[in-house]
Amino acid sequence: MFRNHLKIAFRSLRKSRGFTALNIIGLAAGLAVCLLIVLYVTDELSYDRYNVNADRIYRVDEDAYINNTRFVSANTSKFFGPALVASYPKIQQMVRFRNPGDLLVRKGNDHILEHRFSFADSTIFKVFTLPMIAGDPNTALNNPHSIVIDESAARRYFNSTDVIGRTLEVGSNNTLLKITGVIRDMPEQSQFHFSFIRPLRESYSFNNPSDNDWLSSNYYTYILVQSGTTRAEAQQDVDAIVNLNVGRALQEMFHVSVADLGKAGNHFRYPIIPLTDVHLYSNKSYELEANSNIQFVYIFSVIAVLILLIACVNFMNLSTARSANRAKEVGIRKVAGSSKGQLIIQFLTESILLSLFALILALGIAVLLLPMFNQLAGKSLQPDALLNARFLPILILLVMVVGCLAGSYPAFYLSTFQPIHVLKGKIAAGFKSSWLRSSLVVFQFFISIGLIVSTLVIYRQLNYIRNKEVGFNRDQVLVIHNTWSLGRDGTTNLRKDLLTLAGVTDATVTHDIPTAGGDQYRQPGWFQDASLDARKATFMTTLQVDDHYVPTLGMQIVKGRNFDFAQFPTDSTAVLLNEAAVAMLGAKDPLNLIIYNRADEVKPNQADQTDHFKPLAFHVVGVVKDFNYNSMHDKIYPLVMLVNTLNWGSMAVRFHTNDVVGLVRQVESKFHAVKQGLPFSYSFMDNDFDKLYHAEQQTGQIFISFAVFAILIACLGLFGLVTYAAEQRTKEIGIRKVLGASVSGIVGLLSRDFTMLVGIAALIAFPAAWWAMYKWLETFAYRTEISWWIFLVAGAAALIIALLTVSIQTVRAALANPVKSLRSE
């Protein structure tokens, strides 16, 4: 029986080649988009799942709220991990990371700046699944002068992975480290990628016995819980540590208990987050790497479903429009004894077969589009993922679902025809009367118009961001990265040398470049009086800058003055505030304001392990006009600028010249003149600013691509419907022409119904798209308005595209010779 159904299906599809081609192309386009998004979603959901114990690993985060200011960080104190393992059996193991970032590694006479470096506990190999190619994971990080590298680093420096016992010179001081392990490269789907791992106890001040600060936040802490331990149970253990140790630290630092803080609506919490949730659900300060967002997964998944539905709608529309052509076939089959169920199976077989053909074509389209999609989505997805054994069940399921979804209505609709009515010619061949077809066309253009509106709003927001006054001048500023590698004196000398160049007007040394995309360091413990009273404490973004920071970046002093070390020696304890900080502190005269931080006090004896703090006073000398330190997703936070006494960080150089390439060459020459063999890395501040919104730019480009696909698929179905409508009304058109109807009149007649459907789709799409974009814009602290002309442009674009599609066929039908269409009469 199945063989018979299959044979008839092939014959039917071959008989209607035009109908088959339209359906296959439409379904293939929808399936290709769906396949690409399935690859994207699968990749996003697979992050960190390569770890054998992924479901038992959690990260301990910090969430502090004081006096209406909040700080949420991926860091905690270094004491959390060891205390949890020592005190609570359910916490099986822990590992901490410190100082992830850049490292100079010597190769020959040159240094290479490596970006994947970190200190870690030796227990890293007991928590995470990091297979070793060479070395013993149990002892690899036991020696303080050891280092573990990944496979790529081993090949890059030694052209081999057999490197155990060999040495690397790292850092600006060329510290000699012995390689004790080689691990496989960490999978792309990981929240961190370390190529060089050193023992954590070599980290700065790790073994300082006087360091007992439970409120510091410099370590990434991951815990591995016992099998069967729930998240709630692990959180209880963390909370117990917080109440015992953090509570005591709060009492000593702020002179207030945890309970008293809670009564005022403040809190210090340390929530744990599952390892597999970090990539999509965490966007805290100091993330190890930039994470994605679960919203993107939801948005792209919805778009995939909608575009696939558009393709399925095409199938339904064309199949029901052809119902008159197959009515007699159904009647004869029923007279010959076919049941309704057999007819449904026959038509579903045809749709599933057509879906299979479309899938084969879609695979080819997806492979061709994958490089472009990777560029848009910032991925490196491979074509072989579409055909591996893990993905095959998804493909089979996709064929069945699409085939049944697209063919369900035609199958049930055609199988209900009564043979006596069909064979007497009582089944209407007209096209106009199908309310379902009209509804489906409206649905298609509803999606298309919604995507057009969304794209226009996204690009308008991006344009608003590029042109908004951000409080500093990012044009013609060269950023020299990692000038810390030159040392303090070397950095000072480089700045002096650069100021001798004709095009350079000023330069500043700081770690806190506004466009660097770094985290806001909101330091706790800023107080309004020397009592260090927690009820008057606040978090403020704290930047370390020099006296050239404000003029170099083109910021505006609205009150007071800038730092001036030559004229005011006391400026070593001076600070600048932004307007938001002044407003929060409620200072009527900020230039007479003293704010306080805490400083460690000398302990009376070594046996005393209690933290002692004394107030450290800073006097406000100026107020800077508010500027956006991070992206415009965040509001401008209260900010304080301290003096960068270490002369450490990167260097921003303001220039004024038309020969930018020549200037960069001169700057590089001066850099190497200070110290040979160091890598010279630079960027332009305006480009760095644009990169802050790379995710939004990607989203906008993807929306454009999907909108184009949606419109093309919808127009493909519309073209098929118009073609069929024109065929059904061939004789009517011929009679109208004989009676004197013009070509434009006939085109208008055939186009009117479709134009009205697009108009209805626009009226439905406008409020839905407005609501969706309003919610998206709410993620920005600074955003544009959704103007009325956006909807006008989107509706007009959809209408014009639909009319062009309709006109191609209607003009052809209107120009046809009426003699041929009426000859049979």
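The values are calculated or read from the model by the stated rules, or taken from the named source; none is laboratory data. Predicted model only: the values in this text are computed from it and were never measured. All Cβ positions, glycine included, derive from the backbone under ideal geometry; neighbour counts span all protein chains shown. Ligands, DNA and RNA are stripped out before the accessible areas are found, and what is left, the full protein with its side chains, is counted by its heavy atoms. Shrake-Rupley method; radii C 1.70, N 1.55, O 1.52, S 1.80 Å.
Quick look at the values:
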read-out	value
Proximal aspartates and glutamates relative to LYS263, as straight alpha-carbon distance under 20 Å, when same-chain residues fewer than 8 apart are discounted	GLU62, ASP63, ASP239, GLU252, ASP533
Solvent-accessible surface (1.4 angstrom probe) belonging to ARG201, in square angstrom, nearest 10	100 Å²
Aspartates and glutamates with Cα under 13 Å of LYS625, excluding same-chain neighbours fewer than 8 positions away	GLU469, GLU579
Relative contact order of region 105-220, pairs being alpha-carbon contacts under 8 Å that are 6 or more residues apart, as %	33 percent
Electrostatic dipole magnitude of region 442-595 [Cβ: Lys, Arg +1; Asp, Glu -1; Cα centre; debye, to 20]	460 debye
Spatially proximal aspartates and glutamates relative to LYS670 (Cα-Cα < 16 Å; intrachain offsets below 8 disregarded)	ASP489, ASP497, ASP506
Above-threshold pairs, the threshold being 25 Å between Cα atoms, out of LYS588/LYS775; LYS284/LYS675; LYS559/LYS635	LYS588/LYS775; LYS284/LYS675
Distance between modelled label sites at ASN463 and THR657, nm, 7 Å Cα→Cβ extension	3.5 nm
Whole-Hz ³J(HN,Hα) from phi, Karplus 6.51 cos²θ - 1.76 cosθ + 1.60, for region 380-390, glycine and proline x	9, 5, 10, x, 5, 5, 6, 10, 6, 4, 5
Furthest towards positive pole of dipole, ALA234, ALA120, SER216, structure part region 101-240, Cβ charges	ALA120
Whole-angstrom gap from region 120-137 to region 27-53, using each part's C-alpha centre	29 Å
